[in-house]
Amino acid sequence: MRWLHSVLFWSFFVASSAVLFCVALVLFLVTWPFDRNGRVLHLFSSGWAQLYFWVNPGWRLRIQGRERLPWHGPAVLVSNHQSLGDILVLFGLYRPFKWVSKASNFKLPFLGWNMYLNRYVGLVRGDKESIARMMAGCERWLDRGVPVLLFPEGTRSPDNQMRPFKDGAFRLAHARGCPLIPMVLTGTGDTLPKHGLLLRFRADCEVSILEPVDPRAFPDPAALRDHVYGLMQREKDRLESGAATPG
């Protein structure tokens, strides 16, 4: 029955995306004069994304530490990356930020067009010029007091294990001296496999937002990166073991 569930979901996904993009376009035009950072449109997009989580009754989401995320001011948010379901889950944070995403995603009908309206930051992996543009775009948003969110692994993990981190997010935080906020996801790999469109019926997803890390306490981005990787790996191990939240 997974195939029937998946066909129904993707049919609803396409039809609703067409309608909701029209709403997003109107919202963009109406709010542009007083909301140049796109906070309202991003929060609408958060609800749009969460809709697709809610229509899967066997999926559950728990968020710990949401209060550690800023409503205002620059911050670099980093998360591990397990599945396309990560996007739905992290939109559920309902906090303003700009995604860093593959440039090809911006070409997708409706969703990609909405990413363009939100002025998220595109990236062509492995292209030095694109990486430089991405870094400059993130710096501009940070200078405007808008957080940015990156997946430092660079791509989805094929086995839910954390891959080595790339330096970009840590160079941004270190250069700007703004808080770096680690976030750990578990369970999202059970929503949709990396290669395939068949959804799974059940997924117990969890997001743990850790205490902000001050990059000024580290001599260079590499030291910051290694420290944050250790924090996130330990938290991921704790979540997967079912241990209680440290108090």
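The values are calculated or read from the model by the stated rules, or taken from the named source; none is laboratory data. This structure is a prediction, so every number in the text was calculated from the model and none was measured. Glycine also receives a Cβ, built like all others from the backbone with ideal geometry; neighbour counts cover every protein chain displayed. Side chains included, ligands, DNA and RNA excluded: accessible areas come from the protein's heavy atoms. Shrake-Rupley method; radii C 1.70, N 1.55, O 1.52, S 1.80 Å.
Please state which of the following conditions LEU198 fails to meet, knowing it meets all the rest: (1) surrounded by fewer than 18 Cβ atoms within 10 Å (Cβ to Cβ); (2) in contact with a Pro (Cβ under 8 Å, 6 or more places away or on another chain). All conditions are met except number (2). Under the condition of being in contact (Cβ under 8 Å) with a residue 24 or more places away in the chain and either touching a His at 6+ places or on another chain (Cβ under 7 Å) or open to solvent by 30 Å² or more (accessible area, probe 1.4 Å) (or both), the residues counted in segment 89-111 number 7. Within the bounds of segment 240-247, is there any residue that is touching a strand residue (DSSP E or B) at 6+ places or on another chain (Cβ under 9 Å) and open to solvent by less than 70 Å² (accessible area, probe 1.4 Å)? Scanning segment 240-247, I find no residue that is touching a strand residue (DSSP E or B) at 6+ places or on another chain (Cβ under 9 Å) and open to solvent by less than 70 Å² (accessible area, probe 1.4 Å), so the answer is no. Just the residues that are crowded, with 21+ Cβ neighbours inside 10 Å and either of a type in the set (A, V, I, L, M, F, W, C) or under 21 Å from GLU139 (Cβ atoms) (or both), please, taken from segment 70-88. If the condition is that a residue be crowded, with 21+ Cβ neighbours inside 10 Å and either of a type in the set (A, V, I, L, M, F, W, C) or under 21 Å from GLU139 (Cβ atoms) (or both), then PRO74, ALA75, VAL76, LEU77, VAL78, SER79, LEU88 are the ones that fit. Of the listed requirements (1) at pLDDT below 95; (2) open to solvent by less than 40 Å² (accessible area, probe 1.4 Å), VAL7 misses just one: (2).
In segment 172-187, the residues that are touching a residue at least 12 places away in the same chain (Cβ under 8 Å) form Cβ pairs under 6 Å with partners that are part of a helix (DSSP H, G or I) and charged (D, E, K, R), at six or more places apart or across chains, as follows: GLY177/ARG216; VAL184/GLU235; VAL184/LYS236; LEU185/ASP86; THR186/GLU240.
Considered as a group, the residues in segment 176-195 that are charged (D, E, K, R) and in a helix (DSSP H, G or I) include one that is most open to solvent (accessible area, probe 1.4 Å), and that residue is ARG176. Scanning segment 1-38 for residues that are touching a residue at least 60 places away in the same chain (Cβ under 8 Å) and either in contact with an Asp or Glu (Cβ under 6 Å, 6 or more places away or on another chain) or not hydrophobic (A, V, I, L, M, F, W, C) (or both) turns up ARG2, HIS5, SER6, SER17, ASN37, GLY38. One residue stands out in segment 142-175 among those that are open to solvent by 20 Å² or more (accessible area, probe 1.4 Å) and assigned to a helix (DSSP H, G or I): the one that is nearest to ASN37 (Cα to Cα), namely ASP143. Residue pairs whose Cβ atoms lie under 6 Å apart, sitting 6 or more positions apart in sequence or on different chains, and linking a residue in segment 132-156 that is of a type in the set (Asp, Glu) to a partner that is open to solvent by 40 Å² or more (accessible area, probe 1.4 Å) and part of a strand (DSSP E or B), do not occur here. For the structure I just gave you, tell me whether VAL228 is in a helix (DSSP H, G or I) and surrounded by 17 or more Cβ atoms within 10 Å (Cβ to Cβ). Considered against the rule, which asks whether it is in a helix (DSSP H, G or I) and surrounded by 17 or more Cβ atoms within 10 Å (Cβ to Cβ), VAL228 comes out as yes. For the residues LEU198, LEU149, the requirement of being modelled with pLDDT of 95 or more and over 13 Å from ARG225 (Cβ atoms) singles out LEU149. For segment 112-129, residues that are hydrophobic (A, V, I, L, M, F, W, C) and either open to solvent by 40 Å² or more (accessible area, probe 1.4 Å) or assigned to a helix (DSSP H, G or I) (or both) total 4.
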